[in-house]
Amino acid sequence: MKESVVFLTKNSNSYLYSAQSLLSLLIHPELRKAYDKSANVDPYYLKKYEYLEKYGLFKEAENTDFETSFDESIIKKNISQVRQIVFETTDHCNLHCSYCSLGELYKIGKTNHKNINTDFAINFLKYIFNIKPSKSKLIIGFFGGEPLINIDFIKKVIEETKQLNREKGLELEFNITTNASLIHKHIKFLIDNNFILLISLDGNKKGHSYRSYIKNNKNSFNDVIKNIDMIQQYYPKYFDKNISFNAVLNNRNSVKGIYHFIYNRYHKIPRISQLNTTDITLNKKSFFNKIFRNKIMSEKEFEKEETALLPIVRKELTSYKELSNFLNNYSVNFYISNLINLLNNNIIPYPTGTCLPFDRKIFLNTNHDILPCEKVYYKYAMGKVNNNITFHISNIINEYNFYYSNIKKICQHCYASKNCKICLLCLDNLDKLGTDEFICPGFQDKEYFKNRLNKIFSFLEKHPSDYFQIIDNKMI
């Protein structure tokens with residue numbers, strides 16, 4: 001059961017959040033004292049509290065019911081209607097990024113590097129085309145390593161895709177995640193096929209300095225910038241429409257520095273990623289602690305300065321996203337939230353933020369294992385591709401049903417369960433699920449949620465216009 005929460009903002013304003021009705025109210029301090037069972041409460045507010053309590057305003061929320069099982073039909077439907085397939089083109093890379101998820105910093109790093117088998121990948125591509133409904137959309141992505149190292153594979157997949165699509169008539173989109181050091185060699189091919197490019201750029205030269213060449217340990221920054229500038233100069237329409245940036249936060253850059261460099265130079269707002277804090281190699285923890293920078297703390301430093309860039313990037317900041325998430329999922333005050341609750345009243349959700357298998361994408365790695373996405377550990381492979389396509393459907397069902405049945409008990413007491421961000425398959429302690437040793441890193445008890453509400457409403461009091469901006473930007 002989840003209790004209602006009374007909390008205080010930085011401006012010493014008192015609020016009530018009803019876990020049952022999802023209603024948020026500004027309340028008198030004396031009403032807060034009555035809720036806290038304090039002494040010397042004004043009699044008027046004591047009676048008011050008793051009246052509101054009697055009629056359920058402080059009522060505990062009923063436990064959320066969660067779906068904990070699904071059958072073969074769900075998986076088959078997701079596979080046939082999959083929106084995106086991603087190929088791990090190669091494990092090879094021409095850079096040595098100190099914090100690479102496939103490197104020595106993490107336990108899941110790879111030691112044997114290889115390219116994906118072209119025949120197997122095209123066999124899988126044909127399988128998807130065969131079951132995919134005509135006229136639907138399919139996104140084909142290329143991941144690495146550095147995907148452009150294996151450009152021959154990419155070209156063959158694109159060629160095969162176009163041939164297959166002559167009869168199928170799918171709406172196709174191609175994308176690639178790249179370090180941009182090799183783009184100058186292949187830019188015509190990428191433009192001719194209208195590729196969407198996500199370029200890794202960690203800000204200025206110092207911030208980018210963990211991305212060095214393997215062959216000489218030289219910072220790749222100058223070459224990357226030269227290539228990006230080339231695209232912007234000679235292919236401006238393509239640059240504006242098809243290119244975005246991702247930056248990894250580290251001890252040599254900052255949220256402020258990344259935004260200032262990339263926006264001022266390219267007029268684009270980058271995605272900023274914090275280093276993954278799980279599965280760190282034991283003897284690399286001191287190095288990890290050295291290079292790690294907390295994203296929220298760095299954002300707070302940026303917000304303090306209130307530069308001209310702040311209003312431009314505000315929607316990307318955690319504080320703004322937290323407010324938007326709260327209004328969308330935890331507030332009956334917001335009409336979108338209320339309408340969704342009404343429409344979904346009979347829909348029983350699955351616990352956590354774990355996607356149902358292949359609901360969003362299918363990832364094929366260089367070992368030819370089938371996974372639900374590139375973020376999921378290889379040990380949770382859900383199928384195999386070679387001359388045949390095999391999905392381990394019965395294993396998938398048994399494993400997911402076990403996960404959901406056991407995590408449900410935790411989710412029912414979690415204040416964040418309505419919009420959980422946790423993917424079970426990305427947890428390094430999933431093997432302990434079902435035992436007393438398991439701890440969910442996303443679990444929020446009453447005290448944690450109270451502190452979260454404090455931050456959200458303190459931000460809202462400081463930026464009241466953001467509330468209306470969020471409402472105006474929502475469409476039904």
So if each residue of separation counts as 0.36 nm, and I subtract the Cα-Cα distance between ASN395 and LYS156, what length gain in nm does that give? 82.8 nm
Report the Rg/Rh value for the stretch 75-317, based on alpha-carbon coordinates and the Kirkwood definition of Rh. 0.99
Using Cα pairs under 8 angstrom and six or more residues apart, how large is the relative contact order of the stretch 75-317, in percent? 18
Quick test of your reading: applying the under-4.7 Å Cβ rule, which cysteines of the chain are isolated? CYS93, CYS355, CYS373, CYS411, CYS414, CYS420, CYS440
Grab the Cα-Cα distance for MET297 and SER69, subtract it from 0.36 nm times how many residues apart they are, and report the gain in nm with one decimal. 78.2 nm
Contact order normalised by length for the chain, with contacts defined as Cα pairs under 8 Å and 6 or more residues apart; what percent is it? 18
Can you compute the modelled spin-label distance between ILE471 and LYS409, with each label point 7 Å from Cα toward Cβ, in nm? 4.3
Add -39500 (n - 2.57) for each DSSP H run of 4 or more in the chain, then divide by its residues: what number comes out at 222 nm, to the nearest 500 deg cm²/dmol? -12000 deg cm²/dmol
In debye to the nearest 20, how big a dipole does the chain give about its Cα centre with +1 on each Lys and Arg Cβ and -1 on each Asp and Glu Cβ? 1040
Cα centroid of the stretch 219-248 to Cα centroid of the stretch 384-421, whole Å: 39
Which whole-number percent gives the relative contact order of the stretch 1-139, counting Cα pairs below 8 Å spaced six or more residues apart? 19
If each part is reduced to its alpha-carbon centroid, the stretch 347-366 and the stretch 1-76 end up apart, in Å, by 32
So if the hydrodynamic radius of the chain is defined as the Kirkwood radius over C-alpha pairs, what does Stokes-Einstein give as its diffusion coefficient at 10 °C and 1.306 mPa s, in µm² per second? 63
Choose one of SER21, MET297, PHE195: the residue whose Cα lies farthest towards the positive end of the charge dipole of the chain (beta-carbon charges +1 Lys, Arg; -1 Asp, Glu; about the Cα centre). PHE195
Filter the cross-link list LYS2/LYS256; LYS321/LYS361; LYS48/LYS446 down to pairs whose alpha-carbon distance in this structure exceeds 29 Å. LYS2/LYS256
The long-range amide H neighbours of LYS2, using H built 1.01 Å from N in the peptide plane and a cut-off of under 5 Å, are ALA61
With eigenvalues of the C-alpha gyration tensor scaled by 5 and rooted, the stretch 364-463, Å: 35, 17, 10
Order the peptides 413-425, 9-21 from the highest to the lowest mean number of other Cβ atoms within 10 Å of their residues. 413-425, 9-21
Assign unit charges at the C-beta atoms only (+1 for Lys and Arg, -1 for Asp and Glu), then state the dipole size of the stretch 374-447 relative to its Cα centre in Debye, rounded to the nearest 20. 260
Which of VAL248, VAL6 has the fewest Cβ neighbours within 10 Å, and the rest in rising order: VAL6, VAL248
If you filter the stretch 25-73 for trypsin sites (Lys or Arg not before Pro), then keep DSSP loop positions with at most 12 other Cβ within 10 Å, what is left? LYS37
Ranking LYS379, LYS408 by Cβ neighbours within 10 Å, fewest first, what do you get? LYS379, LYS408
Return one quarter of the surface area of the convex hull spanned by the alpha-carbon atoms of the stretch 18-88, equal to its mean projected area, in nm². 9.8
Which of TYR213, GLY257, VAL157 sits closest to the plus end of the dipole of the stretch 75-317, meaning its Cα is farthest towards the positive end, when Lys and Arg get +1 and Asp and Glu get -1 on the C-beta? GLY257
The stretch 75-317, dipole about Cα centre (Lys/Arg Cβ +1, Asp/Glu Cβ -1), debye to the nearest 20: 200
Out of SER458, PHE143, ALA416, whose Cα points farthest toward the positive end of the dipole of the chain (charges: +1 Lys, Arg; -1 Asp, Glu; placed on Cβ)? PHE143
Could you work out Rg/(2.2 N^0.38 Å) for the stretch 91-168, with Rg from alpha carbons only? 1.34
Relative to the present Cα-Cα distance, how much length would full extension add between LYS379 and ASN264 at 0.36 nm per residue of separation? 37.2 nm
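All of the numbers you see were taken from the coordinates with simple rules; none came from a lab. Since this is a predicted model, take the numbers as computed values, not measurements. In this analysis, Cβ positions are derived from the backbone assuming ideal geometry, glycine residues included, and neighbour counts consider all displayed protein chains.
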